Amino acid sequence: MALLQISEPDQSPDPHQRRVAVGIDLGTTYSLVAAVRSGAAECLPDAQGRVILPSAVRYLPGGQRQTGFAALAALAQDPENTIASFKRFMGRGLHDIAGRDKLPYRFVEAGASTTTSGMLSIDTVGGEKSPVELSAEILATLRQRAQDTLGADLYGAVITVPAYFDEAQRQATKDAAQLAGIPVLRLISEPTAAALAYGLDNAVEGIYAIYDLGGGTFDISILRLTQGVFEVIATGGDSALGGDDYDRALADWVLAQVGAHAVTAADKASLIATARACKEALSRVSGASDSVAFNVQLERGGVDFDVNLAQFEEATAGLTARTLAAVRKALRDARLEGADIKGVVMVGGATRMPQIQRAIGAFFGRAPLNNLNPDEVVALGAAIQANQLAGHHAASDLLLLDVIPLSLGIETMGGLVERIVPRNQTIPTAMAQDFTTFQDGQTALALHVVQGERELVADCRSLARFELRGIPPMAAGAARIRVTFTVDADGLLSVQAREQASGVEASIHVKPSYGLSDEQIARMLQEGFATAGQDRQARSLVEARVDAERMLAATRSALATDGDLLSASERSAIDALLEAAAKARELQDPQRVEAATRQLASGTEAFAALRMNRGIARALAGKSVDAI
């Protein structure tokens, strides 16, 4: 009798085969790879037993390169060809890093030799290198480490990104993985990955805050953990704030105290490296008056200065305050108070700073959770999610519900934003809204996809543009065009537009041009709240003007067709109303524009009745009662 090999859906038919999936924390300062082994997530070490990999790449003549610790060791003597903290440049254009004169790199516009369009590049001895290519070098090193440790090719990886990464930055991360030969199972936010690790390791339930201060970005997420379901309630943060900024703030403060200046690229690299070492040493001292030496040799002399913890905290107090402002905003979005939070999970090596620990403890009224290594927790959570997506039963009862950080919508008449997917919407999701045409006989519709919280397109970020053509000619307002936004589990967007009657449709997978200022993503929500009243007023004015334009166009068209129905005095009265509405349309007061539009509508009611009677008479002309 023949036997059947039975397997579960999406499982390997060979019970001895196992899909090898890993979680990767592609960090600004350090990167890690982790996997579930023997039922537990663990970070995978290199040949020297080190689990962290410095996110640094050095290019050498002859096409050679170094990554990780070897590259980091050369940062001071070869700063222009040793690139670190390049995650901050993902999805950025050259204009976005203007003013960063403390960075030793030679930034250029992306050229034909790079793999990206519009993203900045860094000129090295090995040629122009984009942040995507640099990230791919780190990912390839981690992939090789995983395959050597696990003894098999990778089925795929879950890669973490900051919760505040926008469409361009997420797409750049996927591009880097593709270059590194890694199939991406999913992108998940770093705070969510940390919650996965804590939720499973500690069997906790309730509402938790994830405070994630890494080398280059800060994220705050509010999550609800219930019976294996991880639901993100709200997210926030600052994509231009991290441990690197504390290093620079300390370096600037010391230079100001001694009156020194950094002149060369080597000076700048040495200062940052010394400030980082000083920060890490200060994070281990016991008292506020304990000091460590800040010694660095510059081209125009050396700096020999002792810094104590109190001075370091004073120099960086503004940065810590910025993180707390983002925490308050996330709590407001979640409609929660600090007392509603059951625990605060600390993620990222920068959270080891004593001032961060004290600030969070004071804000929430309880000591933060530190029982998992803050450097490793994100990679561990990603590994747990990867294990599930690879189809292994041990994690099959886990459900992850992430959210998008900023609203998505399209431009409508007058440069207004019509939001289709609101921020903090759980993903994956698909949401739709119906629109119509503005002019008679309109056969095409241009769609402009935008992201942000403001009411006007000019204040939001443009993502993509495409056109829907072939709409049958109809009267204005007769067409019904359904626009559907689909956001996948990685937070990437596709948009479809379909005219309901004819079935013509067009779609686009939004792969935005790279280039968004470091401050813009952090400012979008702040501006949305700060300018809410102003935006409402601006929107009301635009809507009133659009309505007035429609009424003016309709009235003029009617007069051109049936103006002979009016007497001279009636025509004169309507002309006066038309002139008044046209003048009112240019005013800045929406109430006055609306009033003039209403007066025009009221003053043309009798004319509309005459037109209707003529239309009926024409329709009945020459027909007998019996025929009707």
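The values are calculated or read from the model by the stated rules, or taken from the named source; none is laboratory data. If you're wondering where the values come from, they're calculated on a predicted model, not measured in any experiment. Counting neighbours? That spans all protein chains shown, and the Cβs are built from the backbone with ideal geometry, glycine included. Just so you know, the surface numbers come from the protein's heavy atoms only, side chains and all, with ligands and any DNA or RNA stripped out. Shrake-Rupley method; radii C 1.70, N 1.55, O 1.52, S 1.80 Å.
Table for the structure above
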| quantity | calculated |
| --- | --- |
| Sole exception among (1) more than 19 Å from D245 (Cα to Cα); (2) among the small types (G, A, S); (3) surrounded by 15 or more Cβ atoms within 10 Å (Cβ to Cβ) for G259, by number | (3) |
| The stretch 579-624 - residue that is exposed (fewer than 14 other Cβ atoms within 10 Å of the Cβ) and of a type in the set (S, T, Y) and, of those, modelled with the lowest pLDDT | S624 |
| The stretch 395-425, subset assigned to a strand (DSSP E or B), modelled with pLDDT of 75 or more and touching an Asp or Glu at 6+ places or on another chain (Cβ under 7 Å), residue most open to solvent (accessible area, probe 1.4 Å) | T412 |
| Qualifying residue in the stretch 314-331 (condition: of a type in the set (D, E) and open to solvent by less than 50 Å² (accessible area, probe 1.4 Å)) | no |
| Which listed residue is at pLDDT 80 or above and in a strand (DSSP E or B), from A367, A430 | A430 |
| Any hit, the stretch 325-335, residues being touching a residue at least 12 places away in the same chain (Cβ under 8 Å), of a type outside the set (S, T, N, Q) and more than 27 Å from I404 (Cβ to Cβ) | no |
| Residues of the stretch 542-556 satisfying the condition of being more than 15 Å from R598 (Cα to Cα) and at pLDDT below 85 | V542 |
| Residue within the stretch 354-364 that is at pLDDT 90 or above, surrounded by 22 or more Cβ atoms within 10 Å (Cβ to Cβ), out of contact with any Gly (no Cβ under 9 Å at 6 or more places or on another chain) and of a type in the set (V, I, T) present | yes |
| Set L369, L389: member being open to solvent by 30 Å² or more (accessible area, probe 1.4 Å), out of contact with any Gly (no Cβ under 6 Å at 6 or more places or on another chain) and among the hydrophobic types (A, V, I, L, M, F, W, C) | L389 |
| Any hit, the stretch 67-85, residues being over 19 Å from A240 (Cα atoms), in contact with a Gly (Cβ under 9 Å, 6 or more places away or on another chain), at pLDDT below 85 and not small (G, A, S) | no |
| Residue in the stretch 239-259 that is modelled with pLDDT under 80, closer than 24 Å to G216 by Cβ and of a type outside the set (A, V, I, L, M, F, W, C) present | yes |
| Matching option when the condition is in a strand (DSSP E or B), open to solvent by less than 10 Å² (accessible area, probe 1.4 Å), at pLDDT 90 or above and not charged (D, E, K, R), among A157, A146 | A157 |
| Every pair of residues 6+ apart whose Cβ atoms lie under 7 Å, when the first sits in the stretch 572-592 and is more than 14 Å from L559 (Cα to Cα) and in a helix (DSSP H, G or I) while the second is hydroxyl-bearing (S, T, Y) and at pLDDT below 85 | P590/S540 |
| Residue satisfying condition, being surrounded by 24 or more Cβ atoms within 10 Å (Cβ to Cβ), of a type in the set (D, E) and more than 16 Å from the chain's Cα centre (by Cα), within set D238, D252, D247 | D247 |
| Residue count, the stretch 38-63 (criterion: closer than 17 Å to A84 by Cα and either open to solvent by 40 Å² or more (accessible area, probe 1.4 Å) or more than 33 Å from the chain's Cα centre (by Cα) (or both)) | 3 |
| One residue from A277, A265, A269, A339 being of a type in the set (A, V, I, L, M), open to solvent by 50 Å² or more (accessible area, probe 1.4 Å) and within 28 Å of A56 (Cβ to Cβ) | A277 |
| Scan of the stretch 72-95 for residues that are charged (D, E, K, R), more than 13 Å from S121 (Cβ to Cβ) and in contact with a strand residue (DSSP E or B) (Cβ under 8 Å, 6 or more places away or on another chain), ordered by number | D78, E80 |
| The stretch 433-450 - residue that is in a strand (DSSP E or B) and not aliphatic (A, V, I, L, M) and, of those, least open to solvent (accessible area, probe 1.4 Å) | H448 |
| Residues satisfying the stated conditions in the stretch 55-66, i.e. of a type in the set (G, A, S) and modelled with pLDDT under 90 | G62, G63 |
| Flag for R300 being closer than 28 Å to Y30 by Cα and charged (D, E, K, R) | no |
| Every pair of residues 6+ apart whose Cβ atoms lie under 8 Å, when the first sits in the stretch 602-614 and is of a type in the set (S, T, Y) while the second is in a helix (DSSP H, G or I) | T604/T555; T604/A558; T604/I574; T604/L577 |
| Residue match in the stretch 289-300 (condition: out of contact with any Ser or Thr (no Cβ under 9 Å at 6 or more places or on another chain), more than 14 Å from A76 (Cα to Cα) and buried (at least 16 other Cβ atoms within 10 Å of the Cβ)) | yes |
| Sole exception among (1) over 21 Å from D219 (Cα atoms); (2) surrounded by 15 or more Cβ atoms within 10 Å (Cβ to Cβ); (3) β-branched (V, I, T) for V344, by number | (1) |
| The stretch 549-576 - residue that is of a type in the set (S, T, Y) and closer than 17 Å to A475 by Cα and, of those, least open to solvent (accessible area, probe 1.4 Å) | T555 |
| Near pairs, Cβ below 6 angstrom, 6+ apart or cross-chain, from the stretch 217-234 (over 20 Å from Q169 (Cα atoms)) to any residue that is aromatic (F, W, Y) and at pLDDT 85 or above | L223/Y208 |
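A quick yes/no check of all residues on (1) open to solvent by less than 10 Å² (accessible area, probe 1.4 Å); (2) closer than 26 Å to A359 by Cα; (3) assigned to a strand (DSSP E or B):
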{"site": "Q169", "(1), (2), (3)": "yes, no, no"}
{"site": "A176", "(1), (2), (3)": "yes, no, no"}
{"site": "L185", "(1), (2), (3)": "no, no, yes"}
{"site": "I188", "(1), (2), (3)": "yes, no, yes"}
{"site": "T192", "(1), (2), (3)": "yes, yes, no"}
{"site": "Y211", "(1), (2), (3)": "yes, yes, yes"}
{"site": "G216", "(1), (2), (3)": "yes, yes, no"}
{"site": "D219", "(1), (2), (3)": "yes, yes, yes"}
